[in-house]
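As structure tokens, the structure follows; a few thoughts come after it.
Each reported figure results from applying straightforward, stated rules to the coordinates on display, with no laboratory input. Quantities reported herein were computed from a predicted structural model and do not represent experimental measurements. In this analysis, Cβ positions are derived from the backbone assuming ideal geometry, glycine residues included, and neighbour counts consider all displayed protein chains.
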Amino acid sequence: MKNIYSIFLIIFLLLTNFKYVLAANDDDIYKKIDLFSEVLDKINKEYVEEIDQSEVMDAAINGVLQSLDPYSAYMSPESLQSMQTETSGEFGGLGIEVSMEAGVVKVISPLDESPAYRVGVKAGDYIVKINEHQVQGKTLMEAVDLMRGSVGSDIEITVRRKGVKKAIIFKITREIIKIQSVKSKKIDDSIGYIRLSAFNENSSSQIKKKINEFNKNKNIKGYILDLRNNPGGLLSQAIKISDFFLTNGEIVSTKSRKDSENRRWFANKGDIIDGKVLIVLINYGSASASEIVAGALKDNKRAILVGESSYGKGSVQSIIHLKNSGAIRLTISKYYLPSGKSISEVGITPDIEVSESTDEFRIDTENDNQLNFAVKLLNG
């Protein structure tokens with residue numbers, strides 16, 4: 001059944017641009033519309049199994065969007081409703097940020113202390129099977145729907161991991177995902193450690209509060225900002241947090257097809273930590289807003305980046321509602337660093353590369369090589 005969906009990809013791409021190209025080439029467009037109708041009629045009459053034409057249309061639309069990039073997708077009214085219901089607490093999740101790559105689901109990052117994080121799912125893992133369902137051939141939204149379920153229910157996912165020959169099977173119990181975006185502690189009574197796991201609406205105010213508390217301690221000589229396994233979030237928060245540590249210079253810019261959406265953001269005067277040494281920890285699970293902060297601080301020579309190269313998600317998506325009560329998630333612009341480089345598919349390279357220790361690696365534990373290195377660096 002899935003194989004027939006690709007038949008409509010080019011046809012739908014033409015249809016979505018219909019009103020823009022019709023005047024230029026009326027005859028060709030009408031021929032494509034006729035061809036589309038003919039193909040759909042043949043499939044409906046001749047295909048080995050009875051088909052749901054509505055599902056075929058949805059899949060064709062989604063095929064157009066997912067041919068653009070891994071983050072654009074179509075949400076039917078049912079999928080959109082499920083996504084909205086999930087946030088009300090009626091559904092449980094695994095606690096992973098995902099995208100689509102090479103026909104399978106790719107983990108951008110597991111959220112701190114989430115069910116997926118606790119069993120050992122890592123950034124960069126490819127989910128190839130969900131329970132008894134093969135992911136290959138499914139859309140991202142179909143795969144996400146399979147991972148949704150009631151709180152307390154179990155799910156089994158099969159992943160492929162770079163450098164590991166055999167597939168890894170994880171059994172996970174779904175939970176309500178609650179994100180505590182900011183954690184902090186003193187290290188050796190002289191280092192302020194701040195862990196930021198997501199960019200939500202309160203992240204900047206929480207970080208400012210933590211730093212103000214640290215600043216009361218005259219022994220603090222430097223700070224570690226931990227952005228590992230942080231999949232991103234609000235652009236506004238990334239800009240505010242970057243601005244905390246900068247006194248001038250560009251933070252980030254966005255470029256789009258529309259001139260009105262091309263913007264640049266600059267730092268204001270004032271460094272909240274008064275020029276003290278700042279180390280930023282990043283890894284492959286650092287994406288989007290995390291990369292904006294890390295890139296801005298690196299390009300402005302304000303921080304030392306330690307860890308592994310980041311994910312490379314440098315695009316902005318918008319949810320655009322449709323007349324059928326569904327929506328599309330569409331990439332509308334891309335982020336650019338102060339250096340002018342795009343984050344997309346490249347990511348941020350650390351100043352000092354330090355790898356994770358083992359597959360059992362956990363952030364802020366005894367075997368956290370990257371954090372231990374940063375502490376030694378600050379201690380001289």
Positive-end residue of 70, 304, 100, charge dipole of the chain with Cβ unit charges: 304
Set of aspartates and glutamates near residue 42 by C-alpha distance (under 15 Å), chain-local residues within fewer than 8 positions excluded: 34, 50, 52
Relative contact order for region 42-152, counting Cα pairs under 8 Å that sit 6 or more residues apart, in percent: 23
Computed [θ] at 222 nm, deg cm²/dmol, the chain (DSSP H ≥ 4; -39,500 (n - 2.57); rounded to nearest 500): -9000 deg cm²/dmol
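Quote the relative contact order of the chain in percent (integer), defining contacts as alpha-carbon pairs under 8 Å separated by 6+ residues. Kindly include the intermediate steps, with their values, before the conclusion.
Numbers: 766 pairs, mean separation 48.8, N = 380.
Relative contact order for the chain comes out at 13 percent.
Given just the C-alpha atoms of the chain, how large is their convex hull per residue in cubic angstrom? Intermediate values should be presented prior to the final figure.
Numbers: hull volume 59.2 nm³, N = 380.
About 156 Å³ per residue, rounded to a whole number.
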Pairwise label distance in nanometres, residue 131 with residue 119, each label 7 Å out on the Cα-Cβ vector: 1.3
Longest segment of the chain lacking trypsin sites (Lys or Arg not before Pro) that sit in a DSSP loop with at most 10 other Cβ atoms within 10 Å: 1-161
Kirkwood Rh and Cα Rg combined as Rg/Rh, region 75-173: 0.94
Cα-based helix-to-principal-axis angle, 77-86 vs the chain, degrees rounded to 10: 30
Cα-based shape type of region 148-270, given that a ≥ b ≥ c are square roots of the gyration tensor eigenvalues and the cut on a/c is 1.5: oblate
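Of the GluC sites (Glu not before Pro) in region 178-267, which ones lie in a loop per DSSP and count no more than 12 other C-beta atoms within 10 Å? Could the numbers behind the result be given before it?
Details: sites: 201, 213, 250, 261; in loops: 201.
Loop-located and lightly packed - 201.
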FRET E, pair residue 45, residue 256, Förster distance 51 Å, beta-carbon r, rounded to 0.05: 0.70
Helix 26-46 vs. the chain, principal-axis angle (Cα, 0 to 90°, nearest 10): 80
Shape category assigned to region 137-196 from the gyration tensor of Cα positions, a/c cut at 1.5: prolate
